[in-house]
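Let me begin by presenting the structure, written as structure tokens, before commenting on it.
The values are calculated or read from the model by the stated rules, or taken from the named source; none is laboratory data. Since this is a predicted model, take the numbers as computed values, not measurements. All Cβ positions, glycine included, derive from the backbone under ideal geometry; neighbour counts span all protein chains shown. Remember, those area values only see protein heavy atoms, side chains included, never the ligands or the DNA or RNA. Shrake-Rupley method; radii C 1.70, N 1.55, O 1.52, S 1.80 Å.
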Amino acid sequence: MTRKFSRRQVVGGTAAGMAGMLALPACSSSGGEGETDASGRPIVTVQVVKDARALPMKEMPWTKALEEASGCSITWIETPNDSWGNQKQASLAAGDVADVTIGGYGAGDWGSYGSLFLDLAPELEKMPNLSRTFKEAPLSRVVSTWQDKIYGGPTVAAGLMARASTHMFINKTWLDKVGLPVPTTWSELRAAFEAFKTKDPNGNGEADEIPLTFAQPGTGGWGSFQANVLLGGSGISVSDGVLGMYARDGVVKSYVTDPAYKKLVEYLHGLYADGLISKEAFTQDWSQYTASTKGEGATASAGMTWMWTPSDIFGTELADQYVTIPQLRPDDDQGASPVWSFNGLNLDYGANRISIAANAKNKDAALKLVDAIYTPDMSVQMRYGSFDLAVKKNGENDYTVLEPSDASKNSADWQFMNSLADAAPGWVAQPGVTLTLPGQLVEVRDVDAVYDENYANMDLNRDLVFGTAALTTDEATQYSLNSTGIGQTVMSKFAQWVTKGGIEDEWDAYVADLERNNLGQQVELLQAANDRFTQVLSDNGVDLNAEFDTTKHQWAENTDGTATLAQ
């Protein structure tokens, strides 16, 4: 994480303090006229949206543990992430949602379809584990509340994640081979790319090096692992999920018409025109992108890209060739304070990871099923995998995540196969929990710490765009309408200008087009939402700078390469 870890993470509270939380009453079929299985247990239908690597739910032993913990019988409906969009819209339009949904719906759905979902706020007396989560991790309740209602339960991963999904890696072995230092400016980065292209740094005698590659930008906006993160060198911290918006000192602005953005596009076009960016960068799908970075054995193929950790993108055999580098400065903008992207709020406190249908056939059963997830045993298994397969339970609230039993899998792939991983609802690092993770799953701590100086230039209470969760229903409708035209214009021109050029001649017409598509109104809508959310944070005594202070979460580094987070 982006913290300077003192190598030992302290989580307040004691195991004894959790005793009341672990008492789970069996499900009853009250609260609805739902069906029961042959043994009389109420049946709850659970829609889960999951990673393509995940095994079928019935093949994950923890799903049986969830049924036992809640006294229910689960009928699973499984949908891969990339297929969910169309299915989701059809379900909402038909008013047909499963009893419980994991990973499917969020704040953008509540305005038009909130009546389809159960408000959990009046039900919390029946949900002791979720209630305790909200009480002891108050930011989880803030992010889960939409217009005084709670339509979804969160995931709380504070202490386990990072301040950003996106980190920047360059091949240090190649730099050493061509005799160049780690770059700190855009011109130094270009010089490195030129040497990567022409001096055969991987030593295989072929001109097959890819100086820079990245994930294909979306048609409606940038996601993680994109080149727009370089705007941070001009003091612009980009955000996922809000096209072209940033905030500085509490004021929301758009960077897609900012001179700094124009300058970045011109820089990227120069790289592309000289063959320093992969020709497939704007057309490759995710699997093609990740395959292109793996090289052949110990022979690397990529010079630089953005991702979560080196192991994730380059593989464990090549990861040691790469170093994490902080923000780079544009050569003509040396006065700016460099910053980095931030989506730590969503990583540490993911809102709306699980919801219940308003017409759930076995309402009380659904409530108890969801509540069971917020116990340590279920939270750990849903995030990392089943006991005795992916996790060893050492004792009460003491867990060790195991290395893969399949030697062909790395720790991350093994996690995504056997659990819902980061998409799981729950709260792992609860007070009194001891958690030991393998080295690859804590690799991001040191990666993220590289950006400490960049984050020191940000006030997280004032310099973030908090997204669309605080929009009113009418505002959300208008925002969605505006997003279509803005997104199409911005992203089509970005791809065109980087690959073919022309930004200088077309810039004024582009800016005028965005204004006609209500870019100014879009900024005003997000400003209103930001102001509301900032006030909610203040009213609840939440200081994001303190919340994401890296010294709060200390890990003990073990001699076997693992690390332990413990009370």
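Computed values, structure above
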item: Residues being of a type outside the set (S, T, N, Q), farther than 24 Å from LEU276 by Cα and in contact with a Phe, Trp or Tyr (Cβ under 7 Å, 6 or more places away or on another chain) - total across region 472-528; result: 1
item: Residue under evaluation PRO217, criteria (1) open to solvent by 10 Å² or more (accessible area, probe 1.4 Å); (2) in a loop (DSSP other than H, G, I, E, B); (3) at pLDDT 95 or above; (4) touching a helix residue (DSSP H, G or I) at 6+ places or on another chain (Cβ under 9 Å), criterion not met; result: (3)
item: Of residues in region 230-259 being in contact with a helix residue (DSSP H, G or I) (Cβ under 6 Å, 6 or more places away or on another chain) and part of a strand (DSSP E or B), the one nearest to ARG163 (Cα to Cα); result: MET245
item: Given (1) farther than 16 Å from ALA360 by Cα; (2) modelled with pLDDT of 95 or more; (3) of a type in the set (A, V, I, L, M, F, W, C), index of the condition LEU92 fails; result: (1)
item: Looking only at region 335-348, and only at residues there that are open to solvent by 10 Å² or more (accessible area, probe 1.4 Å) and in contact with a strand residue (DSSP E or B) (Cβ under 8 Å, 6 or more places away or on another chain), the one that is farthest from PHE548 (Cα to Cα); result: ALA336
item: Region 147-205 - residue that is basic (Lys, Arg), farther than 30 Å from GLU125 by Cα and surrounded by fewer than 20 Cβ atoms within 10 Å (Cβ to Cβ) and, of those, nearest to the chain's Cα centre (by Cα); result: LYS172
item: Filter result for the condition that a residue is within 24 Å of the chain's Cα centre (by Cα), open to solvent by less than 50 Å² (accessible area, probe 1.4 Å) and farther than 30 Å from ASP249 by Cβ, over LEU544, LEU526, LEU537, LEU565; result: LEU565
item: Checking ASN129 against (1) under 30 Å from THR550 (Cβ atoms); (2) out of contact with any Phe, Trp or Tyr (no Cβ under 7 Å at 6 or more places or on another chain), the condition it does not meet; result: (2)
item: Hey, ALA351 over 18 Å from VAL49 (Cβ atoms), of a type in the set (A, V, I, L, M, F, W, C) and either open to solvent by 10 Å² or more (accessible area, probe 1.4 Å) or assigned to a helix (DSSP H, G or I) (or both) or not; result: no
item: Filter result (of a type outside the set (D, E, K, R) and closer than 30 Å to THR550 by Cα) within region 460-518; result: LEU460, ASN461, LEU464, VAL465, PHE466, GLY467, THR468, ALA469, ALA470
item: Candidate set from region 375-425 (those that are free of Cβ contacts under 8 Å to residues at least 24 places away in the same chain and aliphatic (A, V, I, L, M)); member that is nearest to ARG353 (Cα to Cα); result: VAL391
item: Tally, over region 290-307, of residues that are part of a loop (DSSP other than H, G, I, E, B) and open to solvent by 30 Å² or more (accessible area, probe 1.4 Å); result: 3
item: Tabulated pairs, region 112-130, first among the charged types (D, E, K, R), second part of a helix (DSSP H, G or I) and open to solvent by 10 Å² or more (accessible area, probe 1.4 Å), C-beta under 9 angstrom, 6+ apart or interchain; result: GLU123/LYS363; GLU125/SER131; LYS126/ASP364; LYS126/LYS368
item: Hits in region 84-111 - residues which are of a type in the set (D, E, K, R) and without any contact (Cβ under 8 Å) to a residue 60 or more places away in the chain; result: LYS88, ASP96, ASP109
item: Candidate set from region 40-59 (those that are in a loop (DSSP other than H, G, I, E, B) and in contact (Cβ under 8 Å) with a residue 12 or more places away in the chain); member that is least open to solvent (accessible area, probe 1.4 Å); result: ALA54
item: Residue list for region 60-82, restricted to those being assigned to a helix (DSSP H, G or I), open to solvent by less than 60 Å² (accessible area, probe 1.4 Å) and closer than 24 Å to ALA412 by Cα; result: TRP62, THR63, ALA65, LEU66
item: Filter result for ALA509 (open to solvent by 60 Å² or more (accessible area, probe 1.4 Å), of a type outside the set (Val, Ile, Thr) and assigned to a helix (DSSP H, G or I)); result: yes
item: Which numbered condition LYS368 misses (of (1) of a type outside the set (Phe, Trp, Tyr); (2) open to solvent by 30 Å² or more (accessible area, probe 1.4 Å); (3) in contact with a Phe, Trp or Tyr (Cβ under 9 Å, 6 or more places away or on another chain)); result: (3)
item: Verdict on ASN397 being more than 30 Å from PRO183 (Cβ to Cβ), in contact with a helix residue (DSSP H, G or I) (Cβ under 9 Å, 6 or more places away or on another chain) and not aliphatic (A, V, I, L, M); result: yes
item: Members of region 308-320 found to be buried (at least 23 other Cβ atoms within 10 Å of the Cβ) and more than 21 Å from the chain's Cα centre (by Cα), listed by number; result: LEU318
item: Enumeration of residues in region 313-355 that are closer than 30 Å to GLY108 by Cα, in contact with a Phe, Trp or Tyr (Cβ under 7 Å, 6 or more places away or on another chain) and not polar (S, T, N, Q); result: TRP340, GLY344
item: Among (1) touching a strand residue (DSSP E or B) at 6+ places or on another chain (Cβ under 8 Å); (2) farther than 19 Å from MET168 by Cα; (3) open to solvent by less than 30 Å² (accessible area, probe 1.4 Å), the one test that LYS363 misses; result: (3)
item: Subset of region 440-454 (residues that are under 18 Å from the mean Cα position of the chain (by Cα) and closer than 19 Å to SER234 by Cβ); result: TYR451
item: Out of ASP320, ASP331, sole residue that is assigned to a loop (DSSP other than H, G, I, E, B) and out of contact with any Leu (no Cβ under 9 Å at 6 or more places or on another chain); result: ASP331
